[in-house]
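Data first, discussion second: the structure below is written as C-alpha cells.
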Amino acid sequence: MAILLPSLPVIRRLKVPPTDGELYLCELLKEKLDDNCYVFFNPYLDGDRPDIVVLKKGCGAVIVEIKDWNLDRYAIDQENRWSVDVSIIKSPFLQVFKYKSNMFDLHLPTLGLRDALNKCFFGVIDCYVYFHLGTKEDIREKYNLALDKLQISINENHENFLNKNIVYEKYEKKRKYLQNKKRQLGRDERLSITKDNADHLLKKINQLQPNNLFTDDI
C-alpha cells in the first residue's frame, strides 16, 4: 500500500474539496501501489499545484493531471488544440508538461544541472492526464478525428508539391510541421488515462525500474 500525503481523511476535509476524480485516483493509487511509492495530492511547488505527484523510491516520479470533464463538450483539432463549446482552452497535456519542465528548471535546480549533463535524466519524470468521466473509446474517437483531419492536410501538401504548386522548401517546412503535430497527437493519446484503463497507469508506475539517476538527494 502506498503512502498518501495528506491522508484520505484530511483530503476529504480540505477547504476546497477534492473532485470525484481526484478522490477516486487517490484511493486507487494508495490501495494498488506498494509502500515504495509516495502519493502527494495537490502539493504546492512554488506556485505550481499539480493534482498528483507519485514518487517511487530509487526509480522516478509521475505527475498526473486530473480532469472531471464531460468529454462530449470537448474537442481536439488537427493542431492538437483543445476546445470546449467551440472556445479554445489550454491543453491539459501542456499543463502537465509545464509542471514537469518547471521541476527541472525551477523547483529542483539540482535536477536541472544534472539534466544538462545527461539528457536521459529528463526521463525520470513521466506525465499523464486522467479523464475521470471519459472512456478509452471516447479518447480514441477524439484523437482519430483529429488525426483524420491532419492526414488530409498531409495529403494536400504532398499533392501540391507533386503538382508543382509549391516549392520544395515550403513543402518540406509544412511536412515537418504536420508530422510533428501527428507525433504530438499520438503521444497525448498514449498518455490519456480513463477509469476503464486506470490499470495502465498502475502498471506503468509498478514497472518503473531502479534508476541510478534518481538518487535520494534528488
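About the Cα centre, and with charges only on the beta carbon of Lys, Arg (+1) and Asp, Glu (-1), how big is the dipole of the stretch 112-218? Nearest 20 debye, please.
Roughly 460 debye, rounded to the nearest 20.
Nearest 20 debye, what's the magnitude of the dipole of the chain about its Cα centre given +1 on Lys and Arg Cβ and -1 on Asp and Glu Cβ? Each step should come with its number before you reach the end.
Working: 34 positive and 32 negative charges, 116 e Å.
Dipole of the chain, to the nearest 20 debye: 560 debye.
Got a number for carbon plus sulfur as a percent of the chain's accessible area, 1.4 Å probe? Write down the numbers at each step before the final one.
Details: 6500 of 12390 Å².
Here carbon and sulfur together make up 52 percent of the probe-accessible area.
Could you work out the local net charge near ASN36, counting Lys and Arg as +1, Asp and Glu as -1, over the other residues with Cβ closer than 11 Å to its Cβ?
0
Can you give me the distance in nm between label points at HIS200 and LYS57, each placed 7 Å from the Cα along the Cα-to-Cβ direction?
About 3.1 nm separates the two model spin labels.
Normalised by the number of residues in the stretch 1-102, what is the relative contact order in percent for Cα pairs under 8 Å and 6+ residues apart?
Relative contact order comes out at 20 percent.
Give the separation of the Cα centroids, the stretch 137-182 to the stretch 183-214, in Å.
Their Cα centres are 27 Å away from one another.
Just how large is the dipole of the stretch 1-41 about the Cα centre, in debye to the nearest 20, putting +1 at every Lys and Arg Cβ and -1 at every Asp and Glu Cβ? Intermediate values should be presented prior to the final figure.
On the way: 5 positive and 6 negative charges, 49 e Å.
It comes to approximately 240 debye.
Out of all DSSP beta bridges in the chain, what portion is antiparallel? Express it as a percent rounded to 5.
Among the beta bridges of the chain, antiparallel pairing accounts for roughly 55 percent.
Who wins for biggest fluctuation among GLY47, GLY134, GLY186 in a Gaussian network model of the chain, springs between alpha carbons below 10 Å?
The residue with the greatest mean-square fluctuation here is GLY47.
Checking the table LYS100/LYS203; LYS119/LYS173; LYS67/LYS136; LYS30/LYS182; LYS67/LYS98 against a 24 Å threshold on Cα-Cα, which pairs fail?
LYS119/LYS173; LYS30/LYS182
So which trypsin sites (Lys or Arg not before Pro) in the stretch 1-49 end up in coil per DSSP with only 15 or fewer other C-beta atoms within 10 Å?
Taking the stretch 1-49 and a limit of 15 other Cβ atoms within 10 Å, the loop trypsin sites (Lys or Arg not before Pro) found are ARG13, LYS15.
Nearest 10 degrees is fine. How inclined is helix 168-190 to the longest principal axis of the chain, computing both from alpha carbons?
Roughly 30 degrees, rounded to the nearest 10.
Taking the Cβ of ASN102 as the center, what net charge do the other residues with Cβ under 11 Å away carry, scoring Lys and Arg +1 and Asp and Glu -1?
With Lys, Arg at +1 and Asp, Glu at -1, the net is -1.
What is the angle, in °, between the Cα long axis of helix 20-32 and the longest principal axis of the Cα atoms in the chain? Nearest 10 is fine, range 0 to 90.
For 20-32 against the chain, the angle is about 60 degrees.
Report which label in (i) -0.35, -0.53, -0.84, -1.14; (ii) -0.26, -0.41, -0.73, -1.19; (iii) -0.53, -0.62, -0.78, -0.98 holds the value of log10 I(q)/I(0) by the Debye sum over Cα atoms at q = 0.08, 0.10, 0.13, 0.16 Å⁻¹ derived from the coordinates of this structure.
(i)
Anyone know which of ILE125, ILE193, ILE152 comes out most mobile in the 10 Å Cα GNM of the chain?
So, out of ILE125, ILE193, ILE152, the one fluctuating most is ILE152.
Mind checking the angle between helix 92-102 and the chain's longest principal axis? C-alpha axes, 0 to 90 degrees, to the nearest 10.
With rounding to tens, the tilt is 60 degrees.
The values are calculated or read from the model by the stated rules, or taken from the named source; none is laboratory data. Because the structure is predicted, anything quoted here is derived from the model rather than measured. Please note: Cβ atoms are built from the backbone with ideal geometry, for glycine as well, and neighbour counts cover all protein chains shown. Quick note on the areas: whole protein, heavy atoms, side chains included, nothing else; ligands and nucleic acids left out. Shrake-Rupley method; radii C 1.70, N 1.55, O 1.52, S 1.80 Å.
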